[in-house]
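Contents: one structure, followed by commentary.
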Amino acid sequence: MDEFALEKMSDRIHYGKTKDYFKEVLSSYHNGNHRSAVVMLWSVAVCDLVYKLQSLIDLYDDASAKSILAEMSKIQQEDQKSAAWELRLIDDIHDKTHLLDSSEYENLRYLQKQRHLSAHPVLNRERELHSPNKETVRSLLRNTLTDVLTKPPFYTQHILKELLMDVAESSEMLSDRAKVKKYVVSRYLERATPSVELSIFRQLWKFVFRLEDENCVKNRLINLHVLEVVAARNKAALADTIKGDVDYYSNIASSETPLQYLTFFISNNPELFPVLSEAARLKVEHCIAEDDIGKVIGWFIKESIMAHGNDLEGWIKNDSPAISPSQFDYIFQISDTEEWQEKFCNIVATYYGVSGSYDQANSRFQVAIPQYIKFFNKAAIKYLAEKIENNSQCHDRNKARHDYVIIKARIDELFGNEFDYTQYHWFSRKLGLAD
């Protein structure tokens, strides 16, 4: 990490006082005063931890923070010249809070040892004072910034409470997934450790997929979006996390909405389905078999995505369900292969082609055809023309002549003048190509 990176990272220090103190550390480091930089760095780290404990008291009336600061004050009063309270402070923070994990704690202990060597007349064999080299000091600066100074003053349980309240109050502003991601990452997750994020994931799982109290129902969608952000940042660890506490993660609601949300989440993280308990998998499978949303998104339990596509076509032909634009967008993005693209075009063509009235055909055309017409290949466009030809609700409606302009444009793009309209009398007649 070069000097510029250290400067940039120091801009993320949480407390203004700490940031000012750290400037003195950097000044010593830049001027080659490595002993002074280490001594001051230890003092800055200790002060910052005290500030964090006080914040926990001020914000949450935290009992552990109160106890640690009370013990610190007691040691200082008994011997004002002793520095024993400094080590006791980081020991207690490590043992009694989640502000420091084991590696961060060991890094601070190493910093304290370097501070001791730098601050006291410790002579080497050549009767020279200890002088840490530039690489050692840079490493100490980097670790202290990462482990302590840039971290926010809350534990996992406190960050979650703050986050949930914040996104609930800001839900109107956080109107799409991109905004949720930007907001949550910059405000909460950017400084959080992976272990903290996985703890947040664990708690959010319960709020989104299990609990059904008033607040959970009201905020389920925004909480799902937050869960998706945390999951995406920790995707490689999710399966092992669930395996490690499978009973907790398999304790899910049986009611419609939480189960729909879980099925949707797993559809975007299919590697998680096999690690759930058999009982939980049965609930998800039931949702896919019986629920309309489940039928749309349940590709991950099928033999293949093409089998899922066939199931969707059969369901549309038999039951003529209402499918929303966002659901069609979801179906489209299941795979980016040409084979799936053609299957998808057949699905939307079938959806339009089984319209049961002029009004339904008008609305289904707008939902299923214009935004996807550019993805139709020769086979799919013929299939669409066939569906139109065989349903008078499609080819006889008043808006068809105007709507079919985009189909004709795609046919021309694909076939030029070689498309045989004689096989599609009603379709070509609506286009004004037949008597």
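Where a number appears in this text, it was derived from the coordinates with a stated rule and is not lab data. Model, not experiment: these values are computed from the prediction. Please note: Cβ atoms are built from the backbone with ideal geometry, for glycine as well, and neighbour counts cover all protein chains shown.
So here's what we get for this one:
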read-out: Dipole axis of the chain (+1 Lys, Arg; -1 Asp, Glu on Cβ), positive-most option in 15, 217, 231; value: 15
read-out: Karplus-derived 3J(HN,Hα), 6.51/-1.76/1.60, for each residue of region 399-411, Hz, glycine and proline x; value: 7, 4, 4, 6, 5, 7, 4, 6, 5, 4, 5, 5, 4
read-out: Simple spin-label estimate for residue 215 and residue 359 in nanometres, 7 Å along Cα-Cβ; value: 4.4
read-out: Förster radius 45 Å - calculated FRET efficiency between residue 326 and residue 59, Cβ distance, rounded to 0.05; value: 0.70
read-out: Cα gyration tensor shape for region 346-435, rounded if a/c is under 1.5, else prolate or oblate; value: oblate
read-out: Trypsin sites (Lys or Arg not before Pro) restricted to region 335-435 and DSSP loop, no more than 16 other C-beta within 10 Å; value: 399
read-out: Average silhouette area of region 265-394, convex hull of alpha-carbon atoms, in square nanometres; value: 7.8
read-out: Length released on extending from residue 20 to residue 243, taking residue separation times 0.36 nm less the Cα-Cα span; value: 75.8 nm
read-out: Spin-label zone in region 73-88 - amide nitrogen under 20 Å from a point set 7 Å from the Cα of residue 109 along the C-beta vector; value: 83-88
read-out: Among (i) 26.0, 82; (ii) 31.3, 108; (iii) 21.5, 73, the entry that matches Rg and Dmax of the Cα atoms in Å as calculated here; value: (ii)
read-out: Restricting region 83-114 to chymotrypsin sites (Phe, Trp or Tyr not before Pro) in coil, as DSSP defines it, with at most 14 other Cβ within 10 Å; value: none
read-out: R0 of 45 Å, Cβ-Cβ distance residue 338-residue 390: FRET efficiency to nearest 0.05; value: 0.95
read-out: FRET E, pair residue 291, residue 74, Förster distance 45 Å, beta-carbon r, rounded to 0.05; value: 0.15
read-out: Centroid-to-centroid separation of region 51-104 and region 278-306 [C-alpha atoms, Å]; value: 51
read-out: Per DSSP, loop GluC sites (Glu not before Pro) in region 234-304 with at most 13 further Cβ within 10 Å; value: 303
read-out: Farthest positive-ward along region 3-149 dipole, Cα basis, beta-carbon charges - from 72, 43, 55; value: 43
read-out: Point-to-point label distance, residue 236-residue 168, nm (Cα→Cβ direction, 7 Å offset); value: 3.5
read-out: Whether region 160-256 is rounded, prolate or oblate, judged on the alpha carbon gyration tensor where a/c under 1.5 counts as rounded; value: oblate
read-out: Using alpha-carbon coordinates, inclination of helix 156-169 to the longest axis of the chain, degrees; value: 50
read-out: Whole-number D in µm² s⁻¹ for region 311-357, Kirkwood Cα-pair radius fed into Stokes-Einstein, 10 °C, 1.306 mPa s; value: 144
read-out: Label-point separation, residue 33 to residue 418 (7 Å along Cα→Cβ), nm; value: 8.2
